[in-house]
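This report refers to the structure that appears directly beneath it.
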Amino acid sequence: MTDRYSNLKTGTEISKEFFVIDKDQVNDYLKALDDSSEDKLLNLYTQFIPPMCIAALSLRGVIIKLKIPGGTIHTAQEIEFKNSAIVGEGLYCKANLILNSIRVDWRFLTIQMNVTDQNEKPIMLGKSSIMLPHYYND
Amino acid sequence: MTDMKEKDQLIRIQKLITKEKILQYANASGDFNPIHINNDFAKKSQFGQIIAHGMMIAASISEMMTENFKHDWIESGKLKMKFKSPVFHNEKIIASGEITKIKNSETKREIINSVFVKKESGEIVISGTASVIQNK
């Protein structure tokens, strides 16, 4: 994959990674958010990964692979949860570029993410739209 | 929620966003964009100060949906949202929602909601739609 954003074509695979979200990561995530769902819902998230945690950690792979510069802004997000994922379960996330355009001083990228479990059961589909300073690495 | 109908309001979620929480979220999510964690960098940005991660704020919508729809949210939830304005540290946010449509089929029903995150001032931070599918 090119390091120059202007060379990225739609359809380009941005990242394909395997990750495991364990109990500690779920706890850190919920603590950062002061999310009290776990208490309210009889320990729902001791068993299942919070769906937005999956979305956030999927996005992390994209941020790293694309070397997203400081000052990048997240403008829109679509998420579709297909099945719950179990804490400690291995997940695959494949991310592809589906839009690359420029408006004024900003480059707009839209990335589609597809998360499955190890048996290829769909877990989450996502679409992230970000805008990057146009001058950066273009 | 039982006997849900269109125009019902969802149970709201309120949060205070602090620098400490933003840093905790950066560590938990792996998103270390300096606009969220570096005072000097953020001061020079168009926002003039540190802002919270969009997905951190969006998580309050997910928490609200979990609160209202329990396991149906994590099994079948759909969320489509736009980030309208930044949230700064020490700002309170309120996630709210309203059922806009209920689509019934023989065995399932889809509950579609308009959802928002607003600041105490009423300024919209996130707007979007969120839906779940429930078995009858």
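Among the residues of region B:28-69, those identified as facing another protein chain (nearest Cβ under 7 Å), more than 18 Å from A:Ile79 (Cβ to Cβ) and among the polar types (S, T, N, Q) are B:Asn33, B:Ser45.
Can you confirm whether B:Asp72 is at the interface with chain A (Cβ under 7 Å from one of its Cβ atoms) and under 18 Å from the mean Cα position of the chain (by Cα)? The answer is no for B:Asp72.
Residue count for region B:109-124 satisfying the condition of being farther than 13 Å from B:Gln14 by Cα and of a type in the set (A, V, I, L, M, F, W, C): 4. Reported count of residues in region A:77-96, each being in contact with a helix residue (DSSP H, G or I) (Cβ under 9 Å, 6 or more places away or on another chain) and either of a type in the set (A, V, I, L, M) or touching a residue at least 60 places away in the same chain (Cβ under 8 Å) (or both), is 8. Could you tell me whether any residue of region B:87-105 is at the interface with another protein chain (Cβ under 7 Å from one of its Cβ atoms), in a loop (DSSP other than H, G, I, E, B) and buried (at least 17 other Cβ atoms within 10 Å of the Cβ)? Within region B:87-105, not a single residue is at the interface with another protein chain (Cβ under 7 Å from one of its Cβ atoms), in a loop (DSSP other than H, G, I, E, B) and buried (at least 17 other Cβ atoms within 10 Å of the Cβ).
The condition (being touching a strand residue (DSSP E or B) at 6+ places or on another chain (Cβ under 9 Å), modelled with pLDDT of 95 or more and of a type outside the set (A, V, I, L, M)) is satisfied by just one residue among A:Gln77, A:Gln47: A:Gln77. Among residues of region B:9-35 that are in contact (Cβ under 8 Å) with a residue 12 or more places away in the chain and under 17 Å from B:Ser60 (Cβ atoms), those with a Cβ under 6 angstrom from a residue that is basic (Lys, Arg) and surrounded by fewer than 18 Cβ atoms within 10 Å (Cβ to Cβ), sequence gap 6+ or separate chain, pair up as B:Leu16/B:Lys92.
Within region A:102-138, the residues that satisfy the criterion of being of a type in the set (S, T, N, Q), closer than 26 Å to A:Gly71 by Cα and at pLDDT 95 or above are A:Thr110, A:Gln112, A:Asn114, A:Ser128, A:Ser129. Taken together, A:Ala32, A:Ala76 contain a single residue that is under 23 Å from B:Leu79 (Cα atoms), within 17 Å of the chain's Cα centre (by Cα) and small (Gly, Ala, Ser), which is A:Ala76. For A:Thr72, are the conditions met, namely being hydroxyl-bearing (Ser, Thr, Tyr) and farther than 21 Å from B:Ala58 by Cβ? It is false that A:Thr72 is hydroxyl-bearing (Ser, Thr, Tyr) and farther than 21 Å from B:Ala58 by Cβ.
The values are calculated or read from the model by the stated rules, or taken from the named source; none is laboratory data. Keep in mind that what you see is a predicted model, and the values were worked out from it rather than measured. Counting neighbours? That spans all protein chains shown, and the Cβs are built from the backbone with ideal geometry, glycine included.
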